[in-house]
Amino acid sequence: MIGSGIKKEMMLFSRGFRLFGTIAVIIGLALSYPLMYKFMEIMAEQMSAMGQELGGEAGSQVTEAVNSMNGMIESIKAMYGGSMANVGFRTGLSSLASTGFLIVSLLLMSAAGGEQKKRSVIIPNCSGLTPVGYVLPKFIIYPVLITIITFGGSMLTAGICNLIFDNPLIMQDALISSACVSVFVMFMISLYLLLGLSTGRPGISVIILFAASSLLPLLLQSMNINKYNPFALQDLLMYSYAEIDMNNFVLSVVVSVVLSVICCLLSLMVTTLRKIDNSVGEANL
């Protein structure tokens, strides 16, 4: 039954726009930030040359605008380790952890409980579908594949940054930051499946989790407990290999994996105890 469920989920994920959309979103975000900052550099250089050619008052105004833009670029570089490669890479990874998760979650609404409201589980239920056969394949397919795709997208971001910027990234920095964002996304997808499958309302679950991913890190930081938890990975991806707290990194990864497994077990328990009422098209507790 689990094997059939895995084949079913893989078929549903690969058909339509889900798999392609997930890959397209992650690659799009991976490319957008490095290219945006490279465009800023090129534009500043071209405006500087134009100011020198114009001369006079117009040239002075253009030069002032260029100086302001260069000052902004230098401030951003100082925040992210002093190089534009770091800026493009780490802002791209932050976007994968936030915007990427949001869009991918919307693509997975059907798999994360939406099918309960559409009464898509009525035939499998009648055919002897068990809670294990329904829940476990989802946690095998979606968190694992999206983690792999996210890691690949993160390394693509590093490759693009090394290609278009000076002062290329160190491979250890790229690997450890990519691992941080990939494990964080795995945890968030697992938590999303838990809420969606337990309530049958994936849309509300997306809103709750997106808000939580933005507010909880600030709350935990204010309480000085921003270590050894999945949300600490959002901060750790900003550090280089030489600067990162390795104990915090390792324990945060382990806690994230353990919590992802607990999400699976809780989803299985809730699905076993509740009844999916297909007669009215809603998932009733």
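The values are calculated or read from the model by the stated rules, or taken from the named source; none is laboratory data. For clarity, every value in this text was computed on a predicted model and none was experimentally measured. With ligands, DNA and RNA removed, areas are computed over all heavy atoms of the protein, side chains included. Shrake-Rupley method; radii C 1.70, N 1.55, O 1.52, S 1.80 Å.
Summary of values
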item	result
Heavy atoms of I73 accessible to a 1.4 Å probe, total area in Å² rounded to 10	10
q = 0.09, 0.12, 0.17 Å⁻¹: log10 I(q)/I(0) that the Debye formula gives for the range 156-285, counting C-alpha atoms only	-0.36, -0.59, -0.94
Accessible area per residue in Å² at 1.4 Å probe, computed on the range 139-198	33
